[in-house]
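Structure, as structure tokens:
The values are calculated or read from the model by the stated rules, or taken from the named source; none is laboratory data. Please read all numbers here as calculations on a predicted model, not as lab measurements. When we count neighbours, we look across all protein chains shown, and the Cβ atoms used for this are built from the backbone with ideal geometry, even at glycine.
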Amino acid sequence: MTVIDFGLGTHTGCVREINEDSYLALPKHGLWVIADGMGGHQAGEVASGMAVREIGRSIEQGMPLGEAIESAHRSIQNAALHGNGTVDMGSTVVAVKIDGSHYEIAWVGDSRAYLWNGRLRRLTKDHSYVQLLLDAGLISESEIPGHPARNVISQALGAGGVDKLNIKVDSVSGELGENDALLLCSDGLSGEVDDERIATILSETTGNQVRVDRLIKVALDAGGKDNVTVIVLAPEPSKTPS
């Protein structure tokens, strides 16, 4: 049985008054989730909290990861209709489900997942306006950090996508090797710290909680303009019998 060692942390940042990020770790069920809420007036906090709770509950009941995220989307919509939060609240989500060495990552919005094994590879593709522009060849990768619409996402739980109603959950899967680690983060990290710097920190540090703490500190040192939440997880090294 693969045992997963993980570190996690969140910080309000240097500008925001409220932390609208939420996270969940259910190692018993092989589940880790980050949700980044939006909507103002604490509604983002309501939406992201509801997202992680609903996904966790659904996974505990045996629901597949993609369906669990869809269920969270509908729950946020229903809550808004009944006056819990606001009608425009929503949340991104990135989640990983691990079964043995197999992992499945699913996401909506611009919270990200990376694979680290001596080099850093982004596993998710942002659901964002600038990503759509990039895909269409209208901007270059180097233009994204300074783009005025870089924080505009194209879909979110609760808020839906183009039709303001439905979402499309994207997913990737693979096998986790003994030297691999997965990094999940809200855009409070990826918006402040580029991939090259993230890779440098992961290469310079050992211990997943140490890595999390260092990544959050670097995001804060870079300005901390948003809430930042980070999870790093990896298989525990197998013990060689003496």
>> Quick check on segment 143-161. Is at least one of its residues over 13 Å from the mean Cα position of the chain (by Cα), surrounded by fewer than 18 Cβ atoms within 10 Å (Cβ to Cβ), in a helix (DSSP H, G or I) and charged (D, E, K, R)?
In response: yes
> Looking at segment 80-104, which of its residues are within 11 Å of Ala51 (Cα to Cα) and touching a Gly at 6+ places or on another chain (Cβ under 6 Å)?
Replying inline: Gly90, Ser91, Thr92
> With (1) over 27 Å from Arg53 (Cβ atoms); (2) touching a Lys or Arg at 6+ places or on another chain (Cβ under 8 Å); (3) not small (Gly, Ala, Ser) as the list, and Asp135 as the residue in question, which single condition is left unmet?
Replying inline: (2)
>> Checking the conditions here, which among Ile59, Ile76 is under 30 Å from Gly177 (Cβ atoms) and either assigned to a helix (DSSP H, G or I) or of a type in the set (Val, Ile, Thr) (or both)?
In response: Ile59
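Per-residue answers, yes or no, for (1) surrounded by 17 or more Cβ atoms within 10 Å (Cβ to Cβ); (2) closer than 23 Å to Cys14 by Cα; (3) under 16 Å from the mean Cα position of the chain (by Cα); (4) aliphatic (A, V, I, L, M):
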| residue | (1), (2), (3), (4) |
| --- | --- |
| Asp163 | no, no, no, no |
| Val169 | yes, no, yes, yes |
| Ser173 | no, no, yes, no |
| Leu182 | yes, no, yes, yes |
| Gly207 | no, no, no, no |
| Val210 | no, yes, no, yes |
| Asp226 | yes, yes, yes, no |
> What number of residues within segment 199-242 are in a helix (DSSP H, G or I) and touching a helix residue (DSSP H, G or I) at 6+ places or on another chain (Cβ under 7 Å)?
Replying inline: 7
>> Tally up the residues in segment 85-114 that are aliphatic (A, V, I, L, M), farther than 14 Å from Glu20 by Cα and outside any strand (DSSP E or B), please.
In response: 1
>> Looking at segment 83-106, I want the residues that are surrounded by fewer than 17 Cβ atoms within 10 Å (Cβ to Cβ) and have a partner that is of a type in the set (Asp, Glu) and in a strand (DSSP E or B) with Cβ atoms under 8 Å, at least 6 apart or on another chain. Which pairs are those?
In response: Ser101/Glu175; His102/Glu175
> In segment 172-192, how many residues are assigned to a loop (DSSP other than H, G, I, E, B), farther than 14 Å from Leu233 by Cα and modelled with pLDDT of 95 or more?
Replying inline: 1
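Yes or no: segment 41-52 includes at least one residue that is in contact (Cβ under 8 Å) with a residue 12 or more places away in the chain and farther than 18 Å from Gly158 by Cβ. Give the derivation first.
Start the filter on segment 41-52 by keeping residues that are in contact (Cβ under 8 Å) with a residue 12 or more places away in the chain, which leaves 41-52.
Cutting the leftovers down to farther than 18 Å from Gly158 by Cβ gives us none.
Taking every residue of segment 41-52 in turn, none turns out to be in contact (Cβ under 8 Å) with a residue 12 or more places away in the chain and farther than 18 Å from Gly158 by Cβ.
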